[in-house]
Amino acid sequence: MVTIAVDAMGGDHAPKAEVEGAIRAVKSLPVEVVLVGKEDVIRQELDAHDSDWKALPVRIQHASEVITMDDSAAKAMRTKKDSSIRVASRMVRDGHAQGVVSAGNTGAAMATAKLVQGMLPGVERPALASIFPTLKGAPAVMVDVGANVDSTPRMLAQFAIMGEIYYRVIFRTARPKVGILSIGEEEHKGNDLTRTATHLLKGLPLNFIGNVEGRDLFTGNVDVIVCDGFIGNVALKVSEGLVDVIKHMLQESLRSTITRQIGYVLSRAAYADFKKRLDYSEYGGVPLLGVKGVCIISHGRSNANAIKNAIRVAAEFTSSGINARIEEELRHSSFGGAAAAGE
């Protein structure tokens, strides 16, 4: 049975969402969950949620400190050495858990995973891989969406390798299409980073289709989109905001007249399906590719469903052996290992 450590103190709704999500996960998945955080607070929430929780594969690991959303990641790393995210990462490092899930401070979670769990051999920087729904049904994955605000062409090549392996294994696609995010499809468009990275990606054994544009995040014409973490995070946040606006405007429009109200009642199933396809909680969280073990970073406002699905993603990541494949492919690639910036 896979064991997943959950940072029970990190999210906006902690520990309620983490506790409920953990109980949902162990009741529906072959996993054990360790809730990491202040033991008395977690135990009180568990007792309130399910008096029979001790019969489930759920246990508590005490951690005396909490890193808040307002904490500086660097300062918290130095001063809060018994924080819930750090204790959870130590469990992965020491083999007591195979993965960690956190909806807490993203910067702190990434820095902790990198420092405590360590990096896979050959990986210079970890990268966040986010899933986007597409018109064709199959999701697209963008790498990186915020782990690195300044990337080198060599790092983008590593992101492409890691993202392609992740997509190939998780979505069972033999030859996923890989593209680099730019301002036009033509190869000469873009900046020095994208043009140099394009040259490197063309030399990799990937199904590389060249430049793609922002709209291709949702068309389904490309499976893995590679970009600098600064651009990727902006694209992610813009997309999240647009989804919220579309859902709100659509709901208002359907309810604005009696005729539309009747249509709204008749189309509730379709509207529910629409919301589910765009609901971040269905994807659970974002994997941090390139670190040892598994680290899934969830949205700060994650609900119980999101936590349950993040645990599912962590378990799938563990059992699929993605890290071993990344190590193997980087070992046989000229892009494994440290290199001078911009090489």
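The values are calculated or read from the model by the stated rules, or taken from the named source; none is laboratory data. Keep in mind the model is a prediction, meaning the values are calculated, not measured. So basically every Cβ, Gly included, is an ideal-geometry build from the backbone, and we count neighbours across all protein chains shown.
Of the helices (runs of 4 or more DSSP H) lying entirely inside the stretch 1-87, those containing at least 3 residues that are more than 24 Å from ALA108 (Cα to Cα) span 16-28, 39-49.
When the residues of the stretch 188-211 are filtered to those that are basic (Lys, Arg) and assigned to a loop (DSSP other than H, G, I, E, B), the one that is nearest to the chain's Cα centre (by Cα) is LYS202. Counting residues in the stretch 212-219 that are in a helix (DSSP H, G or I), surrounded by fewer than 20 Cβ atoms within 10 Å (Cβ to Cβ) and of a type in the set (Phe, Trp, Tyr) gives one or more. Filter the stretch 78-120 for residues that are small (Gly, Ala, Ser) and more than 27 Å from LEU330 (Cβ to Cβ); which is surrounded by the fewest Cβ atoms within 10 Å (Cβ to Cβ)? Filtering first and then ranking leaves SER83.
Screening GLY241, GLY179, GLY184 for residues that are surrounded by fewer than 19 Cβ atoms within 10 Å (Cβ to Cβ), outside any loop (DSSP other than H, G, I, E, B) and out of contact with any His (no Cβ under 9 Å at 6 or more places or on another chain) leaves exactly one candidate, GLY241.
Of the residues making up the stretch 213-228, just one is over 21 Å from VAL149 (Cβ atoms), in contact with a helix residue (DSSP H, G or I) (Cβ under 9 Å, 6 or more places away or on another chain) and modelled with pLDDT under 95, namely PHE218.
Is there a residue being at pLDDT 95 or above, in a strand (DSSP E or B) and more than 27 Å from LEU206 (Cα to Cα) anywhere in the stretch 102-122? Within the stretch 102-122 (the criterion being at pLDDT 95 or above, in a strand (DSSP E or B) and more than 27 Å from LEU206 (Cα to Cα)), the answer is yes, since at least one residue qualifies.
When ARG172 is tested against (1) under 21 Å from LEU288 (Cα atoms); (2) outside any helix (DSSP H, G or I); (3) in contact with a helix residue (DSSP H, G or I) (Cβ under 9 Å, 6 or more places away or on another chain), just one condition goes unmet, and that condition is (3). Criterion applied to GLU18, GLU39, GLU32 was being at pLDDT 95 or above and either in contact with a Leu (Cβ under 6 Å, 6 or more places away or on another chain) or more than 20 Å from SER298 (Cβ to Cβ) (or both), and the one residue passing it is GLU39.
Determine which member of the set ALA306, ALA310, ALA235, ALA269 is more than 30 Å from GLU32 (Cα to Cα), of a type in the set (A, V, I, L, M), part of a helix (DSSP H, G or I) and at pLDDT 75 or above. Unique residue meeting the criteria: ALA235.
Looking across the stretch 14-28, the residues that are buried (at least 19 other Cβ atoms within 10 Å of the Cβ) and either within 11 Å of ALA304 (Cα to Cα) or touching a residue at least 40 places away in the same chain (Cβ under 8 Å) (or both) come down to ALA14, PRO15, ALA17, GLU18, VAL19, GLU20, GLY21, ALA22, ILE23, ALA25. Of the residues making up the stretch 246-262, none is surrounded by 18 or more Cβ atoms within 10 Å (Cβ to Cβ), modelled with pLDDT of 70 or more and part of a helix (DSSP H, G or I). If you check ALA127 against the conditions, is it small (Gly, Ala, Ser) and modelled with pLDDT of 95 or more? The answer is yes for ALA127.
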